[in-house]
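A.B. asks: Have a look at the structure that comes next, please.
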Amino acid sequence: MPSPLQKVECEFAGSQFTPSGPVEVWCKRDDLLHSQISGNKWRKLIQVLSNFMRNKPKHVISFGGPYSNHLHALGFCCRKLGIPFTAIIRGEYLQQQALNASLQDLSDWGASLVFVNKQTYRKRDDKEYLASLRQRFNADVIIPEGGSQQEALIGMQGMLEEVKTQADGNVFDAIVLPVGSGASMAGIVNNCRLDVANSIIGVAALKGEGYLEGLVQKFLPTSPAHNPPEPTPPTTPIHGNKDTPILPWHINHDFHFGGYAKSSTALSNFVTRFNAAQKKIHEARPTDINKDTPILIEPVYSGKCFYALNALIEQGYFKPHSKILVIHTGGLQGARRS
Ligand SMILES: *Cc1c(COP(=O)(O)O)cnc(C)c1O
């Protein structure tokens, strides 16, 4: 089922209008892909899961923080497929505490939870450490943190194919999405061409200028990153394909609010106001109530992304009449933080 592509009807933190004219904001609702599996984690895992169905692993291991959307998604899938799953979780101190709702789900789904300290967690891509884990758990599959491996890009390609069909010939001036490990962004950079959009803007959800660009780059088979200061001017439509150059892309680092899962009053107020406005708009359209759900955001990923978009619109960053596509990557677990 393709996730909906819908216009965002919202004067979110005040206005959706630049001083010089309106900007159209569209949203790809990957938050609606699945009730348990966060949107972009579903996209990133889909190829791996289809491999699992062909060739069932003995035991799967992966990594994440205590509110990891990825571990939650993968734990759910392993449960459904009857595959033993071990989650290596950052934070040894958590062992002494009651499980949070997200970890409780994992545990209920039969996952083994292994809590490790920061130093150990840092070795999550280290070959020797991974070999020792394989042996210790008799595991044959290890999936990196966030599900961010080359296969993840294939799922993002599927998302773009949906957008292309749904947009019905309209080309977006920019695609905006939150960035964590960079794999989702890499999937878009790698597969998006001028028949879908003219530029790609990542919003860093954590502190990592330079580092995050490197992570995206790592997944790209092709040319080096462009870092254009401005979105590209509208071009005559070219029907892009895999052989044409990648689109200009860059990551904005102004809206991480101090780091991963860090917030501020401004951000939490924005999230609250945005969600309230969306609910109100939604309730005012009773005929559509079964067709869509309000766009709800959380402070870890989607909140920062929409906050950034709103700020850029207010700053007049986008040209009048620009069509912007925001990817709502989901993010249920972030909303469960108290
Ligand atoms: C993991 C996650 C991201 C970050 O995706 P990356 O591919 O790691 O950059 C963004 N949004 C949500 C909701 C996520 O769970």
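A.B. asks: Just to verify a number: FRET efficiency for Asn170 and Tyr260, C-beta to C-beta distance, R0 = 30 Å, to 0.05?
C.D. replies: Efficiency for this residue pair is about 0.30.
A.B. asks: Let's see if you can work this out: charge +1 on each Lys and Arg Cβ, -1 on each Asp and Glu Cβ, no other charges. What is the dipole magnitude of the range 25-90 about its Cα centre, in debye to the nearest 20? Could the numbers behind the result be given before it?
C.D. replies: Details: 11 positive and 2 negative charges, 37 e Å.
In debye, rounded to 20, the range 25-90 gives about 180.
A.B. asks: Return the FRET efficiency for the residue pair Ser107, Lys280: r is the Cβ-Cβ distance, R0 is 35 Å, and the value is rounded to the nearest 0.05.
C.D. replies: 0.40
A.B. asks: Continuing with the same structure: Which of Glu314, Glu161 comes first, and how do the rest follow, when ranked by fewest Cβ neighbours within 10 Å?
C.D. replies: Glu161, Glu314
A.B. asks: OK, next. By how many nm would the segment from Gln119 to Ser268 lengthen if fully extended, with 0.36 nm per residue of separation less the alpha-carbon distance? Let's see the in-between values first.
C.D. replies: Numbers: separation 149, 0.36 × 149 = 53.64 nm, distance 3.11 nm.
Length gained, Gln119 through Ser268: 50.5 nm.
A.B. asks: In addition: Quote the FRET efficiency, to the nearest 0.05, computed for Lys58 versus Asp126 with a Förster distance R0 of 25 Å and r equal to the Cβ-Cβ distance. Kindly include the intermediate steps, with their values, before the conclusion.
C.D. replies: Details: r = 22 Å, r/R0 = 0.89.
Calculated value: 0.70.
A.B. asks: How much length is gained on full extension from Gln96 to Gln315, taking 0.36 nm per residue of separation minus their Cα-Cα distance?
C.D. replies: 74.2 nm
A.B. asks: Apply the a/c threshold of 1.5 to the C-alpha gyration tensor of the range 28-87 and tell me whether it is rounded, prolate or oblate.
C.D. replies: Verdict is oblate for the range 28-87.
A.B. asks: From zero outward in steps of 5 Å, how is the percent of C-alpha pairs of the range 246-325 spread across the bins?
C.D. replies: The calculated distribution, bin by bin, is 3, 13, 20, 19, 18, 15, 8, 3, 0.
A.B. asks: Could you give me D for the chain, from Stokes-Einstein at 20 °C and 1.002 mPa s, where the hydrodynamic radius is the Kirkwood radius over C-alpha pairs? Units µm² s⁻¹, please.
C.D. replies: The diffusion coefficient I find is 104 µm²/s.
A.B. asks: Still on this structure: Quick one: of the DSSP bridges fully inside the chain, what percent are antiparallel, nearest 5?
C.D. replies: For the chain, the DSSP antiparallel bridge percentage is about 15.
A.B. asks: Given the Cα-Cα distance of Lys207 and Arg336 and 0.36 nm per residue of separation, how much length would full extension add, in nm? Provide the component values of the computation, followed by the final result.
C.D. replies: Working: separation 129, 0.36 × 129 = 46.44 nm, distance 2.21 nm.
That works out to 44.2 nm of additional length.
A.B. asks: Fewest to most neighbouring Cβ within 10 Å: what's the order for Arg193, Arg122?
C.D. replies: The most exposed by this proxy come first: Arg122, Arg193.
A.B. asks: Between the range 26-54 and the range 189-206, what's the alpha-carbon centroid distance in Å?
C.D. replies: Here the two parts' Cα centres lie 19 Å apart.
A.B. asks: Is the shape of the range 85-131 rounded, prolate or oblate, going by the alpha carbon gyration tensor and its root eigenvalues a ≥ b ≥ c, with a/c under 1.5 for rounded and a/b larger than b/c for prolate?
C.D. replies: It is oblate, given that a/c is not under 1.5 and a/b is not larger than b/c.
A.B. asks: Take the alpha carbon atoms of the range 307-333, find their center, do the same for the range 127-174, and report the distance between the two centers in whole angstrom.
C.D. replies: The distance from the Cα centre of the range 307-333 to that of the range 127-174 comes to 24 Å.
A.B. asks: Once the dipole of the chain is set up with Lys and Arg at +1 and Asp and Glu at -1 on Cβ about the Cα centre, which of Ile281, Ile83, Gln166 lies farthest towards its positive end?
C.D. replies: Value computed over the given set: Ile83.
A.B. asks: Quick one: dipole size for the range 265-321, taken about the Cα centre, charges +1 on Lys/Arg Cβ and -1 on Asp/Glu Cβ, in debye to the nearest 20.
C.D. replies: The calculated dipole for the range 265-321 is roughly 60 debye.
Read the figures in this text as sums done on the coordinates, not as results from a lab. Everything numeric here is computed off the predicted structure, so don't read it as measured data. Neighbour counts run over all protein chains shown; Cβ positions are idealised from the backbone, glycine included.
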